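Visitor: Got a structure for you, questions after.
Bear in mind these aren't lab numbers, they're just calculated from the coordinates by the rules spelled out. The structure presented is a predicted model; accordingly, all values stated were derived computationally and were not measured. Glycine also receives a Cβ, built like all others from the backbone with ideal geometry; neighbour counts cover every protein chain displayed.
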Amino acid sequence: MKRNTLLVIVLSGFSLFIYQCKVSNKVSGVKKDAAGNIIVNPKPSPAYQSVKESLKSIQVPEGYHVQLVASEPMIKEPVAIVWDGNARMYVAEMRTYMQDINGTGENQPICRISLLEDTNGDGTMDKSSVFIDSLVLPRMMLCIGHKLLVNETFTYNIWSYQDTNGDGVADAKELVYKNDRPDTRNLEHQKSGLVWNMDNWIYVSCDPVRYRYVAGKLVPDSLTNSPGGQWGLGNDDYGRLYFSSAGAEIPALGFQINPSYGFLNPGDQYNRDFLAVWPIIATPDVQGGMNRLRPDTTLNHFTASCGQSVFRGDALPADLKGDLLICEPVGRLIRRAKVSDVEGKITLKNAYEGQKEFITSYDMNFRPVNTTTGPDGCLYIVDMYRGIIQEATWTAEGSFLRPRILEKGLEKNIGRGRIYRLVHDGYKPDAKPHLLDATGSTLVTYLDHTNGWWRENAQKEIIANGDLSVVPALKEIALGKHATIGKATGALARIHALWTLEGLHAIDKETLFAAYGDADAQVRKAAVWISESFLKKDDETVIAKVAALQNDPAAQVQIQLALSLSASHSEKAKAIQTAMVNKSSYSKMLASVANSVEVNNNTKLFGSRLANMPAAHRNLILNGANIYKQLCSTCHGPDGKGIVVGGGTAAAPPFVGSKRVNGDKELMMKILLNGLSGPIDGKTYTDVMAPFGATNTDEWVASILSYVRYNFGKNEKGKSPVIEVENVKKMREATAGRDKFWTLEELEANGK
């Protein structure tokens, strides 16, 4: 889009926008009966509401208020936001997402990333430009220095963009991660995130990979298994990651241990009550059908959990800090979860008793899809504000959703979007950050900031700049001295200093050994985690020093020690791990951790079992293993046993022990090509098996089926688990006219 055209558009809506930006919601309160139960609106209007009306529809706890930051026409179909070091906001806009009920034109390169600025410091955006145009559904962004890293849907490539002349439009583009293979998964099953974590690795949600930023490029590190998430990725002050899987209807997972160590999701990390959600309007448009509705037709269970974040700011009440926020756009709500450490196990609980959520709305078009902590210390909410929130695979002819969407006219509600921020009584904007051109000596002072956004961005910028001049100051901070920042350093400053030294490759044993004795358990944990660079080399001095922490009073320190020792091949390291599992007061959790690590290590040996197989078959299975980790493990589980957390219902049937995995190859091909719905072996699951034939090659189908049969089947002697590509081709031709999902009853009848 030309700049002069953009200017006309911005000016044409400017007066309305100024009015909208000053509006905040005056809460009318959730309607309740005499017994205190929520009175649900059984027939909410699908009509668009003005910004003023929609703000009044959003319900928040007493003392909180929602303010508008930006809306249409400045932005449309927003899905994610990030800030650069000077608090300029980038907004990813999926402008082709579900523009009709069939998703027509979704792959057209007409989406964009907008650059928004607040020039007068009142918290609302009053300046905009189209930073990048002609994109295909941009889904991941990360600011590093003056560069914006971006990934588009259907690709693995990651590019950096930069505005070199200051006009608000990117004019320099560079490939920072190259993988030209197309991503053929449904867009809901593709990665999100690109989060620079405390440990200086950059994580994504569902792919088994993480990245390190080195000399302006992203260097990948393969993970053994997928973390299991989908849309959204949150991290806390200490580097713990929180994933969410809408496909499996699991609101939170992967937060017990870092995904580099394996996959650990105890069934009791939250209970069944946590899975229940409490909308304040009827929910007709739920993919799961009537099983997902209460008698009052409200959503009864998480089904579209996404956009989660841990609040890390300093401008809202202190009791919100460290809480996990989870978006539920089908329920038009945002959950607030309290995070607790119970003898080393992280547990979640709804922050409110009874039938209550943190943020709810009476507006049917309220679709929160992302949350994040802002530079001002407030919570930001990305509201896609639209009618349809499910992709076309689930709104097709014959689906539960389609007639309900058409009845309400939700398919017509497109082309809008709002970004809000949550404030509290008495909030006043603070000074804006200017990190991009700050000196290293200035940046280190922000490592002790009360807002996590400042701390993590200061760490990131120091490392990206490769500024070794601050190493002495960082060591001083890590040791708790005060000369650099003018006061005694807090535990978070010490942790950031340690990790910044690690990112600069300037960490030394002396600093680590001192940190092992820190009074704060999280500092000790960070020091153990960082020690892995030495443990991988079987450094006996470091092993001897960390051994003293095997009886640390803090469970998290012991758990991290057990995880980090797995990096060493030393018999001494293994002996310490064994002793901890057998003797620790936290032995139950340590045993679970040790088992996850063992499974992770055994999975790494997967390829060695294929040595005597023909090369073509071996390649099919290995390729299928990669596909499974990225896509199928989200619902079927990395171990093929399904995923059940919190006493909920499994999203998909297990492969282990399945008669179909060991049986008819044709039946499996039909299911993957055309999908499967309905009960399986008398049990109803939370989701349908989507068809994958239309968007994937015969080789792709053969690969994933061969892997499933090989890894989870019985592999009887003399019977090959491999499904040949040619057989998939024939089956595709035989079922070419089919336009609906199979049912198991139909498949089994055809097989007789």
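Visitor: Suppose R0 equals 60 Å. What FRET efficiency, 1/(1 + (r/R0)^6) with r the Cβ-Cβ distance, do THR735 and SER585 give to the nearest 0.05? Please report the intermediate quantities before stating the final value.
Guide: Values: r = 58 Å, r/R0 = 0.97.
Taking R0 as 60 Å, the efficiency between THR735 and SER585 is 0.55.
Visitor: Let me ask you something else. Which of GLN630, MET580, SER703 sits closest to the plus end of the dipole of the stretch 569-706, meaning its Cα is farthest towards the positive end, when Lys and Arg get +1 and Asp and Glu get -1 on the C-beta?
Guide: MET580
Visitor: Report the label-to-label distance for THR450 and LYS178 in nanometres (one decimal), using points 7 Å from each Cα along the Cα→Cβ vector.
Guide: 4.9
Visitor: Each residue of the stretch 354-362 in order: what ³J(HN,Hα) in whole Hz does its phi give by Karplus 6.51 cos²θ - 1.76 cosθ + 1.60, θ = phi - 60°, with x for Gly and Pro?
Guide: In residue order, the calculated couplings are x, 8, 8, 10, 5, 9, 9, 8, 8 Hz.
Visitor: What FRET efficiency, computed as 1/(1 + (r/R0)^6) with R0 = 22 Å and r the Cβ-Cβ distance, is obtained for ALA615 and GLU726, rounded to the nearest 0.05?
Guide: Numbers: r = 17 Å, r/R0 = 0.76.
Efficiency for this residue pair is about 0.85.
Visitor: Please give the length that would be gained between HIS146 and ILE39 if that part of the chain were fully extended, namely 0.36 nm times their separation in residues minus their C-alpha to C-alpha distance (nm, one decimal). Intermediate results must be reported in sequence, preceding the final value.
Guide: Details: separation 107, 0.36 × 107 = 38.52 nm, distance 4.95 nm.
Gain on stretching HIS146 to ILE39: 33.6 nm.
Visitor: Let me spell out the model: positive unit charges on the Cβ of Lys and Arg, negative unit charges on the Cβ of Asp and Glu, origin at the Cα centre of the chain. What dipole size does that give, in debye rounded to 20?
Guide: On the way: 84 positive and 82 negative charges, 214 e Å.
Rounded to the nearest 20 debye, it is 1020 debye.
Visitor: DSSP loop GluC sites (Glu not before Pro) in the stretch 673-752 with at most 11 other Cβ atoms within 10 Å of their Cβ, which ones?
Guide: GLU716
Visitor: Here's something else I'd like to know. Starting from the 7 Å offset along Cα-to-Cβ, what nm value, one decimal, do you get for the label separation of GLU117 and ALA215?
Guide: The answer from the label model is 3.4 nm.
Visitor: Please give, to one decimal in nm, the separation of the simple spin-label points placed at ASN715 and LYS537, each 7 Å out from Cα toward the Cβ.
Guide: With each label point 7 Å from Cα toward Cβ, the separation is 3.8 nm.
Visitor: Using R₀ = 45 Å, calculate the FRET efficiency as 1/(1 + (r/R₀)^6) where r is the Cβ-Cβ separation of ASN750 and ASP100; round to 0.05. Each step should come with its number before you reach the end.
Guide: Working: r = 34 Å, r/R0 = 0.75.
In this case the efficiency is close to 0.85.
Visitor: I need the phi-derived Karplus couplings for the stretch 170-176: 6.51 cos²θ - 1.76 cosθ + 1.60, θ = phi - 60°, integer Hz, Gly and Pro marked x.
Guide: Values, residue by residue: 5, 10, 10, 9, 9, 7, 9 Hz.
Visitor: Based on the alpha-carbon gyration tensor of the stretch 527-604 and its eigenvalue square roots a ≥ b ≥ c, which shape applies: rounded if a/c is under 1.5, prolate if not and a/b is larger than b/c, or oblate? Walk me through the intermediate numbers first.
Guide: On the way: a/c = 1.66, a/b = 1.09, b/c = 1.53.
Here the stretch 527-604 falls in the oblate category.
Visitor: Sort GLU53, GLU77 so the one with the fewest other Cβ atoms within 10 Å of its own Cβ comes first.
Guide: Working: GLU53 13, GLU77 25.
With the sparsest Cβ surroundings first, the list reads GLU53, GLU77.
Visitor: With a ≥ b ≥ c the root eigenvalues of the C-alpha gyration tensor of the stretch 607-750, is it rounded (a/c under 1.5), prolate (a/b larger than b/c) or oblate?
Guide: On the way: a/c = 1.64, a/b = 1.16, b/c = 1.42.
Oblate is the answer for the stretch 607-750, as a/c is 1.5 or above yet b/c matches or exceeds a/b.
Visitor: Between the DSSP loop rule and a limit of at most 11 other Cβ atoms within 10 Å, which trypsin sites (Lys or Arg not before Pro) in the stretch 190-249 are left? Walk me through the intermediate numbers first.
Guide: Details: sites: LYS191, ARG210, ARG212, LYS217, ARG240; in loops: LYS191, ARG240.
Those that pass, being in a loop and sparsely packed, number zero.
Visitor: Could you give the size of the charge dipole of the stretch 316-417 about its Cα centre, using +1 on the Cβ of each K and R and -1 on the Cβ of each D and E, expressed in debye and rounded to the nearest 20? List each step's numbers first, then the result.
Guide: On the way: 15 positive and 14 negative charges, 44 e Å.
With only Lys, Arg, Asp and Glu charged at Cβ, the dipole is about 220 debye.
Visitor: In addition: By how many nm would the segment from ASP273 to LYS572 lengthen if fully extended, with 0.36 nm per residue of separation less the alpha-carbon distance? Write out the running numbers ahead of the final one.
Guide: Details: separation 299, 0.36 × 299 = 107.64 nm, distance 4.37 nm.
The ASP273-LYS572 span can extend by a further 103.3 nm.
Visitor: Among rounded, prolate and oblate, which fits the stretch 438-507 when a ≥ b ≥ c are the square roots of the eigenvalues of its C-alpha gyration tensor, a/c under 1.5 means rounded, and a/b larger than b/c means prolate? Don't jump to the answer; show the numbers that get you there.
Guide: Details: a/c = 1.44, a/b = 1.18, b/c = 1.22.
Rounded shape, in that the Cα axes give a/c under 1.5.
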